[in-house]
Each structure stands twice: as structure tokens, then as C-alpha cells.
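Accompanying notes for the structure given below.
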Amino acid sequence: MAISEDQLRTWSHQGSVQQSAATYQSIKRVLESPQAPYSNRSFKVFLQGSYGNDTNIWADSDVDIVICLSSVYYYDIASLNDDEKARFEANRSPGQYSFQTFKSEVTAWLRENFGNSVLPGKKAIKVPASNSRRETDVLACVQNRDYYAYPASGQSSYHDGICFWTSSGDKIVNYPHQHMGNSTTKNGNTNNRFKPNARVLKNMRNAMIDAGYIGDGVAPSYFIEGMLYNVPDNHFSWTHQQTVEDVLAWLDRCTASDLLCTNERYYLVRDGSNVCWNNQDFSTTLTAMRLYWNSSGR
């Protein structure tokens, strides 16, 4: 027995917008303050995550904010040929200001403004909720360039992303602008049905956790959204019931190894990667979704 259309319609609604917007503006003002210790550097502050992509649900508790240093950059030249690599190295000027220094200064400035309960986590700096401000993750990062052409004359070509290091020393490269742009394009191509149905599946995931169909942490929101992104546009119907049924049917038939993340820079499902969904969790999620959707015990 499928979940009722009324329930799915409720699940499709966006979560807290006004409070999240106010939280973003208050944190952004602090990060962009001319008194910040890094204020003489070039950087950008922007949203990422479900609130930034308009796919947040009511259960989402935090706002994800990026502060990206752009006055220096890190790079990957693995895709260049030997001549291009030599040209790049000959032209490269080592930066004098590191990611570690930038993150330390951002952390200290946030603590000065929001108190000693601001703490760096594995990836982001945690700013706790207070009064009307929502809990916030501030990701300090640096521009990353993944070069694929470095000609002798003319402009070089690269994929523009961000990078940061976790507390355990792992470098993570991601592409939030590509994710946001592709998500918006997908939403337009599906007559504004992609983002509401992403919220439906996220709420369905939460209901599955509560009902014991799946463990917490097996299906992160980022990967749920990425899974849906791969479904062809014509499978997004005018009803949520038909859309979920068609989405699950397509995913049941798909080749998991062909699926892409929403940023289209990484595969969605791969083992041993810190930016991909592992095969076991993807399979477990899809099986649980089908069982939950078909269950008559709800």
C-alpha cells in the first residue's frame, strides 16, 4: 500500500526558511567582518547543503555555510601530460598562507564572537544554536583547481572546486557550485518536481529510520539527493505517488556503478572513497525503500 498523496505532499514542503535565512545572515556578517584576522585575504562566503539547495526538510537542524579562501589555491595536475605538468611547475608560485592557518583564524574569530562552545569538528566548525539562531556548520576551505589543460599559450583549463583537510588529515575535494547549478537545472527540467521529491525521499528516509527499516547514517541526505538526480526527467510525474513509484522502479533496474553525484564530478556509488556512497549502504537503502513503500503495516 503506497503512502498517501496527502502525506507525501506534506513531506514535500521545505523546512524552516526564515530562521535558516536569519542564521545565515548573522554568521555571514561575522565571517565578513573587516575586523576578522583574515580580512586582508580574498575569500567568499556562501551556502551549501540542503538549505542552500532548497531541499531542506523540517527535521534538518543545521545550516551549512562555506568560507572559501581564494587568494591562494591548491591543485591537481594528474590529468595533464608531461609537457603541461612541466609548464605548470615552471609557472607555479608557492603560496605563503596555508589552509591550516586560515581555518585556525576562522575558528578563533567565530569563538570570539559566539563563545567557547564553538568547536572544530572532523570537517566543519560547529557553531551551536542560540535563541533564534540555528545550529551551524562552517566549512573553512580553499579553492581547488583540477587542471585538464595547460597549453603553451592561451588560458589553462580546470574544474573549479573547493578542498579542505579533515581532522584526521584526509584531503577532500568537492564541487558545491556545480552541485547547486545542476540541482537547479534538474528542477527546471522536471517542471519544479525534482526538489520537492528530494524532500519527500529525505522525509521517507527519516520515517524508515524511526520504523526500524534502516539504520541511522546509512543514507545521508546528500546521497539521497544524488540518487534522485540520476533518474530521467520524464519519471517525475504530477503526483508524488506516481513519481516515487517510477523512481523506485527505475532505480531497481539501473546499474549503480553508472550513477553520478549531483555535481557530476564523482560517481555516486563507489567503495573506498570519502566522497561516494559505498555499495552496501546504497543497496541497503534501495531495498529498504522498496520494502517500506510496499508495506501494508504502516
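The values are calculated or read from the model by the stated rules, or taken from the named source; none is laboratory data. The shown structure was predicted, so the numbers you read here are calculated from the model rather than taken from an experiment. Virtual Cβ from ideal backbone geometry, glycine too; neighbours counted across all protein chains shown. Quick note on the areas: whole protein, heavy atoms, side chains included, nothing else; ligands and nucleic acids left out. Shrake-Rupley method; radii C 1.70, N 1.55, O 1.52, S 1.80 Å.
Only helices (runs of 4 or more DSSP H) wholly contained in the stretch 1-80 count here; list those with 2 or more residues that are of a type outside the set (A, V, I, L, M) and modelled with pLDDT of 95 or more.
5-11, 18-31
Has the stretch 179-187 got any residue that is crowded, with 19+ Cβ neighbours inside 10 Å, farther than 28 Å from Ser70 by Cα and polar (S, T, N, Q)?
For the stretch 179-187, residues crowded, with 19+ Cβ neighbours inside 10 Å, farther than 28 Å from Ser70 by Cα and polar (S, T, N, Q): present.
Name the one entry in Ala108, Ala78 that is open to solvent by 40 Å² or more (accessible area, probe 1.4 Å), under 26 Å from the mean Cα position of the chain (by Cα), of a type in the set (Gly, Ala, Ser) and under 23 Å from His177 (Cα atoms).
Matching residue, one of Ala108, Ala78: Ala78.
Is it true that some residue in the stretch 66-81 is hydrophobic (A, V, I, L, M, F, W, C) and closer than 19 Å to Gly226 by Cβ?
Yes, the stretch 66-81 contains a residue that is hydrophobic (A, V, I, L, M, F, W, C) and closer than 19 Å to Gly226 by Cβ.
Among (1) of a type outside the set (Gly, Ala, Ser); (2) at pLDDT below 95; (3) open to solvent by 70 Å² or more (accessible area, probe 1.4 Å); (4) touching a Phe, Trp or Tyr at 6+ places or on another chain (Cβ under 8 Å), where does Gln100 come up short?
Going through the list (1) of a type outside the set (Gly, Ala, Ser); (2) at pLDDT below 95; (3) open to solvent by 70 Å² or more (accessible area, probe 1.4 Å); (4) touching a Phe, Trp or Tyr at 6+ places or on another chain (Cβ under 8 Å), Gln100 breaks only (2).
Does the stretch 216-263 hold any residues that are surrounded by 14 or more Cβ atoms within 10 Å (Cβ to Cβ) and among the polar types (S, T, N, Q), and which are they?
Of everything in the stretch 216-263, those that are surrounded by 14 or more Cβ atoms within 10 Å (Cβ to Cβ) and among the polar types (S, T, N, Q) turn out to be Ser221, Asn230, Ser237, Gln241, Gln242, Thr243, Thr262, Asn263.
All but one of (1) among the acidic types (Asp, Glu); (2) in contact with a Gly (Cβ under 7 Å, 6 or more places away or on another chain); (3) on the phi > 0 side of the Ramachandran plot hold for Asp54; which doesn't?
(2)
May I ask you to list pairs of residues, at least six apart or on different chains, whose Cβ atoms are under 7 Å apart, with the first in the stretch 271-287 being under 12 Å from Ala219 (Cα atoms) and in contact (Cβ under 8 Å) with a residue 40 or more places away in the chain and the second being among the small types (Gly, Ala, Ser) and open to solvent by less than 20 Å² (accessible area, probe 1.4 Å)?
Every condition considered, the pairs that remain are Asp281/Ala219; Thr285/Ala219.
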